[in-house]
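Below: one structure, written as structure tokens.
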Ligand SMILES: Nc1ncnc2c1ncn2[C@@H]1O[C@H](COP(=O)(O)OP(=O)(O)OP(=O)(O)O)[C@@H](O)[C@H]1O
Ligand SMILES: [Mg+2]
């Protein structure tokens, strides 16, 4: 398989664009060969507002990953984001009429189709249909019905819907940068692919991807997606609070947050609490001292408030999550967020890091929660191609043209 199948993920976020290029290894791992990251412009809450700026950022991030990997990218799996999409659980039933009443792929497709028959708001579409389980003649819990016998096939499907325009405009921005969109994958689903174990998905857990302006939630149970929700907040809210509270510029607030921020005061001892940092208020020519305790007093209540919204959603949907919460996205890098989340959710909480079983190569360079989405997109790209390859179907086109003799020349 080496050198034949590649997985390329492109995470277009409101604050960063990230690209991951990997190659399928013989052990089912995606060996990461190159990564690229750049500041993002031209998006608001995951939606394109300036296509030109977005495609410039895409070119930069993809170009960097190409240079490192020595491969040329033609098509990518892209994150599907936005603040308006939502998930619903539906069911559909079909009669099985084939020879010996053996269920075929066609029957399964019809059962999923039947669950997907729904009224959508104008301008909305189905983003994804994620089968949860099948029921054959009353026998539930079936995950692979093809080849089984029965006369009545019922499907339970998690259906995610959202506005078409946001998806189309993101797709156009990618095409504008000269790339083809192989597929789009919901952002929290991609984060889950790279960080959750099969046990997490089976016993029940929630992925919370904290971005810059968007936080998405996806819960899993019995091996499938059970609930999806999106919240219009993220790391940027902390930056704004700091800018307003300390009267500093947004840029300075962001750097204070990254360098000294903490969302859980109990992690700081007395010495650290009283430690001062120098800040430069807007319009002043001199710096002033600020204790780390005051900074934490700004961040902690906001962290609790935002996490409580998510906890409320999980409780209202009556989701069981014994395997706990997995935090991904750049916002999860904030010091103290895991500890404070553990208290708010009253459930084991951890940072999402790449599954060792599924990633190799340069994986240790992108093992932070901020890379979970882009790595998950690349993994999903590889997995789909592998399935097609094994079933003898056509490959979805070469994702990269392996080393073109004079390729490096392009970058000299
Ligand atoms: N070390 C850190 N401490 C605190 N916050 C951090 C740290 N690193 C990154 N962040 C925050 O993470 C956020 C960006 O996260 P991420 O890169 O996942 O967002 P994005 O994908 O660009 O945005 P979105 O998903 O909302 O479109 C920013 O608000 C940034 O300030
Ligand atoms: Mg994001």
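Values quoted throughout were computed directly from the atomic coordinates according to the rules given, and no laboratory measurement underlies them. What you see is a predicted model, and the numbers here were worked out from it, not measured in a lab. Positions of Cβ are backbone-derived with ideal geometry, glycine not excepted, and every protein chain shown enters the neighbour counts.
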Report, as a whole number in µm² per second, the diffusion coefficient that Stokes-Einstein gives for the chain at 20 °C and 1.002 mPa s using the Kirkwood radius over alpha carbon pairs. 94
Multiply the residue separation of residue 316 and residue 284 by 0.36 nm, subtract the distance between their alpha-carbon atoms, and state the gained length in nm to one decimal. 6.8 nm
Taking the Cα atoms only, what angle lies between the long axis of helix 51-69 and the longest principal axis of the chain, rounded to 10 degrees? 80
C-alpha center-to-center spacing [region 70-129, region 46-64] in angstrom: 28
Could you tell me how many degrees, from 0 to 90 and to the nearest 10, lie between the Cα long axis of helix 292-316 and the main elongation axis, the longest principal axis, of the Cα atoms of the chain? 20
If I stretch the segment between residue 149 and residue 291 completely, what's the gain in nm (0.36 nm per residue apart, minus their alpha carbon distance), one decimal? 44.2 nm
Looking at the chain as a GNM with Cα springs under 10 Å, which of 364, 315, 269 has the largest mean-square fluctuation? 269
Separation between Cα centres of region 131-190 and region 353-373, rounded to whole Å: 25
Could you rank the peptides 208-219, 78-89, 275-286 by their average count of other C-beta atoms within 10 Å per residue, with the highest value first? 208-219, 78-89, 275-286
A correct fewest-to-most ranking of 94, 62 by other Cβ atoms within 10 Å would be 94, 62
For region 44-137, I need the span (max minus min coordinate) of the C-alpha atoms along each principal axis, in Å, sorted largest to smallest. 55, 36, 17
Extension gain (nm, one decimal) between residue 86 and residue 247, 0.36 nm per residue minus Cα-Cα: 54.3 nm
Which of rounded, prolate, oblate describes region 285-392, given a ≥ b ≥ c as roots of the alpha-carbon gyration tensor eigenvalues and a/c under 1.5 marking rounded, otherwise prolate only if a/b is larger than b/c? oblate
What do you get for the angle between helix 250-260 and the principal long axis of the chain? Use alpha-carbon atoms, 0 to 90 degrees, nearest ten. 90
Could you tell me whether region 86-164 comes out rounded, prolate or oblate from its Cα gyration tensor? Rule is a ≥ b ≥ c as square roots of the eigenvalues, rounded for a/c under 1.5, then prolate if a/b exceeds b/c, otherwise oblate. prolate
When 194, 391, 116, 151 are ordered from fewest to most other Cβ atoms inside 10 Å of their Cβ, what list results? 391, 151, 116, 194
Pick from 392, 329, 178 the residue whose mean-square fluctuation is largest in a GNM of the chain, springs joining Cα atoms under 10 Å. 392
So what's region 197-353 giving for Cα Rg divided by 2.2 N^0.38 Å, two decimals? 1.14
Connecting every pair of Cα atoms under 10 Å apart in the chain and solving the GNM, the largest mean-square fluctuation among 168, 320, 385 falls on 168
So what is the relative contact order for the chain, in percent, with contacts set as C-alpha pairs under 8 Å and at least six apart? 21
Could you tell me what percent of the DSSP beta bridges with both partners in the chain are antiparallel, to the nearest 5? 75
By the Cα gyration tensor axes a ≥ b ≥ c (a/c under 1.5 gives rounded; else a/b larger than b/c gives prolate, otherwise oblate), the shape of region 1-90 is oblate
Computed E for residue 142/residue 39 - FRET, C-beta separation, R0 35 angstrom, nearest 0.05: 0.15
